[in-house]
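Undergrad: Sharing a structure, written as structure tokens. Questions coming.
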Amino acid sequence: MKLPPNARFSTICVHAGQEPDPSTGAIITPIFQTSTYVQEEVGRHKGYEYARTQNPTRAALEQNIAAIEGGRGAYAFASGMAAIGAIATMLEPGDHVVVTDNTYGGTFRLFDKVLTRYGLTFSYVDTSSLPLVEQAMRPETRMVFIETPTNPVMRLTDLAAVSALAHGHGMKVIVDNTFASPCLQRPIEFGADLVVHSTTKYLNGHSDSVGGIVVGVHDEDLAWLKFIQNAEGAILSPFDSWLVLRGTKTLALRMAQHNINGLALAEFLAGHPAVKRVLYPGLPQHPQHDLAKRQMRGFGGMLSFDAGSLESAHRVCNRVKLMSLAESLGGVETLICHPASMTHASVPPERRAAIGLTDSLVRISAGVEDAQDLIDDISQALG
Ligand SMILES: Cc1ncc(COP(=O)(O)O)c(C=O)c1O
């Protein structure tokens, strides 16, 4: 199989990094569940010595996702947080990072509670505002770490504008692309230096694996990530690599239905009298709808809405029947959650207030079920 150089997105998802197994012809990359590899003689082997360092299933996944994101290489880790932790090892004591204020709670916890102990500093700013990003930059700033759209208030950052600004100051741009998926947004096309994913979400897509990956474009970054993957050892297992590879093959198909269901739910909720506000970049009333149209190819399955009060938000979450009350996102089944008491409970209340994450907010990760069934469910839950 030879992937044409001009292959389009869904073809890349199915075929990149996927060669039939040379020993059997198996069309699917096997799960190489081994810890070591036999060497023919001292110093002569097939490129594989020890499975923390190299594993063919993991390598196939890394090639696949590097191609999907339009990068030059990728390294897979045991979780999204392990992948973000690996990126942080590029920093040195005294370095400073500008971070999207509404970043994932676990990322904030890693930066604020762990990495500040090693002489690193972080400024959390609304990266949707270019002047605020510029004001936060210091001589010792090395990275701008962006999430767009943010979870759960769905604020967007202009990736091309921030990349141009950061590069003008010699800084790297890192984008956590978990929420959008590369099907909807490819940050490297807008100038990002590194893209990170929790593969737990859309890339795997079936809520049955935890993992992370970093995609890069620069040789020195890729060399460091390869080194740190082996040095720290927080690798993605062969079985999880295989599961994510199975997931990426249907990424384009799944995202098409996530887009349909996200928009259908957003439009329904926007017209519902019990809902005060809907946050979804695909609605024309979203303040950054134009940027979303420029930067994204579809608006995805993630949306949030204001149920009016904490009590109403809890009531809706407790009353759904088809949707499941759970943390996480990006799977084929629709999940609902109350961010203030679930995914973002570790974010201090004053920071939640500053980013508009109110107690009345409910978040939905629309799956790939029939849109009308999801509307019927949320409709009965809203009463
Ligand atoms: C945007 C984002 N980044 C990173 C992570 C961390 O990923 P993981 O749970 O795989 O460690 C998550 C998890 O929810 C996330 O939503």
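Undergrad: Restricting attention to the stretch 144-161, report how many residues are touching a His at 6+ places or on another chain (Cβ under 9 Å) and open to solvent by 10 Å² or more (accessible area, probe 1.4 Å).
TA: 0
For (1) within 15 Å of the ligand (Cβ to nearest atom); (2) within 30 Å of CYS183 (Cβ to Cβ); (3) touching a Leu at 6+ places or on another chain (Cβ under 6 Å), each residue gets a yes or a no:
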position	(1), (2), (3)
THR36	no, no, no
GLN39	no, no, no
ASN55	no, yes, no
ARG72	no, yes, no
THR89	no, yes, no
GLU92	no, no, no
GLY105	yes, yes, no
ARG109	yes, yes, no
THR121	no, no, no
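Undergrad: Here's something else I'd like to know. Of all residues in the stretch 6-41, how many are within 26 Å of ASN230 (Cα to Cα) and either modelled with pLDDT of 95 or more or acidic (Asp, Glu) (or both)?
TA: Of the residues in the stretch 6-41, 18 are within 26 Å of ASN230 (Cα to Cα) and either modelled with pLDDT of 95 or more or acidic (Asp, Glu) (or both).
Undergrad: All but one of (1) in contact with a His (Cβ under 9 Å, 6 or more places away or on another chain); (2) surrounded by 17 or more Cβ atoms within 10 Å (Cβ to Cβ); (3) not in a helix (DSSP H, G or I) hold for ASN64, so report the exception by its number.
TA: Looking at each condition in turn, ASN64 falls short on (3).
Undergrad: Which of (1) of a type in the set (Gly, Ala, Ser); (2) open to solvent by 30 Å² or more (accessible area, probe 1.4 Å); (3) assigned to a helix (DSSP H, G or I); (4) touching a residue at least 60 places away in the same chain (Cβ under 8 Å) does ALA353 not meet, given it meets every other one?
TA: In the conditions (1) of a type in the set (Gly, Ala, Ser); (2) open to solvent by 30 Å² or more (accessible area, probe 1.4 Å); (3) assigned to a helix (DSSP H, G or I); (4) touching a residue at least 60 places away in the same chain (Cβ under 8 Å), ALA353 misses (4) alone.
Undergrad: Considering only residues of the stretch 184-193 that are charged (D, E, K, R) and open to solvent by 30 Å² or more (accessible area, probe 1.4 Å), which is nearest to the ligand (Cβ to nearest atom)? Spell out the reasoning first.
TA: Filtering the stretch 184-193 down to residues charged (D, E, K, R) leaves 186, 189, 193.
Next, from what is left, pick out any that are open to solvent by 30 Å² or more (accessible area, probe 1.4 Å): 186, 189.
Numbers: ARG186: 16, GLU189: 19 Å.
This residue is ARG186.
Undergrad: I've got another one for you. If you go through the stretch 77-123, how many residues are surrounded by fewer than 20 Cβ atoms within 10 Å (Cβ to Cβ) and among the β-branched types (Val, Ile, Thr)?
TA: Total satisfying the criteria: 4.
Undergrad: With ARG351, ARG319 as the choices, which residue is modelled with pLDDT of 95 or more and basic (Lys, Arg)?
TA: Values: ARG351 fails: modelled with pLDDT of 95 or more.
Going through ARG351, ARG319 in turn, the sole match is ARG319.
Undergrad: Of everything in the stretch 269-324, what is under 15 Å from VAL153 (Cβ atoms) and within 16 Å of the ligand (Cβ to nearest atom)? Give them in sequence order.
TA: LEU279, PRO281, GLY300, MET302, LEU303, SER304
Undergrad: Quick one: in the stretch 216-254, of everything that is open to solvent by 20 Å² or more (accessible area, probe 1.4 Å) and among the acidic types (Asp, Glu), which residue is nearest to THR34 (Cα to Cα)?
TA: ASP240
Undergrad: Name the residue that is surrounded by the most Cβ atoms within 10 Å (Cβ to Cβ), counting only residues in the stretch 325-350 that are within 16 Å of the ligand (Cβ to nearest atom) and among the polar types (S, T, N, Q).
TA: THR343
Undergrad: Still on this structure: Output the residues belonging to the stretch 255-292 that are touching a strand residue (DSSP E or B) at 6+ places or on another chain (Cβ under 7 Å), part of a helix (DSSP H, G or I) and open to solvent by 30 Å² or more (accessible area, probe 1.4 Å).
TA: Of everything in the stretch 255-292, just one residue is touching a strand residue (DSSP E or B) at 6+ places or on another chain (Cβ under 7 Å), part of a helix (DSSP H, G or I) and open to solvent by 30 Å² or more (accessible area, probe 1.4 Å), namely ALA270.
Undergrad: Here is a check on your reading of the model: is THR57 in a loop (DSSP other than H, G, I, E, B) and open to solvent by less than 10 Å² (accessible area, probe 1.4 Å)?
TA: Values: in a loop (DSSP other than H, G, I, E, B): no; open to solvent by less than 10 Å² (accessible area, probe 1.4 Å): yes.
It is false that THR57 is in a loop (DSSP other than H, G, I, E, B) and open to solvent by less than 10 Å² (accessible area, probe 1.4 Å).
Undergrad: Suppose we filter LEU253, LEU203 for residues that are at pLDDT 95 or above, within 13 Å of the chain's Cα centre (by Cα) and within 23 Å of ILE27 (Cβ to Cβ); which single one remains? Explain how you work it out, then say what you get.
TA: Details: LEU253 fails: within 13 Å of the chain's Cα centre (by Cα).
Only one candidate qualifies: LEU203.
Undergrad: Evaluate the stretch 126-138: report whether one residue or more is more than 13 Å from the ligand (Cβ to nearest atom), among the polar types (S, T, N, Q) and in contact (Cβ under 8 Å) with a residue 12 or more places away in the chain.
TA: yes
Undergrad: Please identify the pairs in which a residue from the stretch 72-89 that is farther than 11 Å from GLN229 by Cα and in a loop (DSSP other than H, G, I, E, B) has its Cβ atom under 6 Å from the Cβ atom of a residue that is open to solvent by less than 10 Å² (accessible area, probe 1.4 Å) and among the small types (Gly, Ala, Ser), counting only partners at least 6 apart or on another chain.
TA: Matching pairs, first to second residue: SER79/GLY212.
Undergrad: For the stretch 155-183: of the residues being among the hydrophobic types (A, V, I, L, M, F, W, C) and closer than 23 Å to GLY105 by Cα, which is nearest to the ligand (Cβ to nearest atom)? Step through it out loud before you land on a result.
TA: Of the stretch 155-183, the ones among the hydrophobic types (A, V, I, L, M, F, W, C) are 156, 159-162, 164-166, 171, 173-175, 179-180, 183.
From what's left, closer than 23 Å to GLY105 by Cα: 156, 159, 162, 173-175, 179-180.
Details: LEU156: 14, LEU159: 15, VAL162: 17, VAL173: 16, ILE174: 11, VAL175: 10, PHE179: 5, ALA180: 10 Å.
Among those residues, the one meeting the criterion is PHE179.
Undergrad: What number goes with the only condition from (1) touching a residue at least 24 places away in the same chain (Cβ under 8 Å); (2) touching a strand residue (DSSP E or B) at 6+ places or on another chain (Cβ under 8 Å) that PHE32 does not pass?
TA: Exception for PHE32: condition (2).
Undergrad: Could I ask something else about it? Find the residue count for the stretch 303-328, including only residues that are in contact (Cβ under 8 Å) with a residue 60 or more places away in the chain and on the phi > 0 side of the Ramachandran plot.
TA: Going through the stretch 303-328 one residue at a time, the tally reaches 1.
The values are calculated or read from the model by the stated rules, or taken from the named source; none is laboratory data. All values derive from a computational prediction rather than experimental measurement. Every residue, glycine among them, receives a Cβ derived from its backbone with ideal geometry; neighbour counts consider all protein chains shown. In case anyone asks, the SASA skips ligands and DNA or RNA and just uses the protein heavy atoms, side chains included. Shrake-Rupley method; radii C 1.70, N 1.55, O 1.52, S 1.80 Å.
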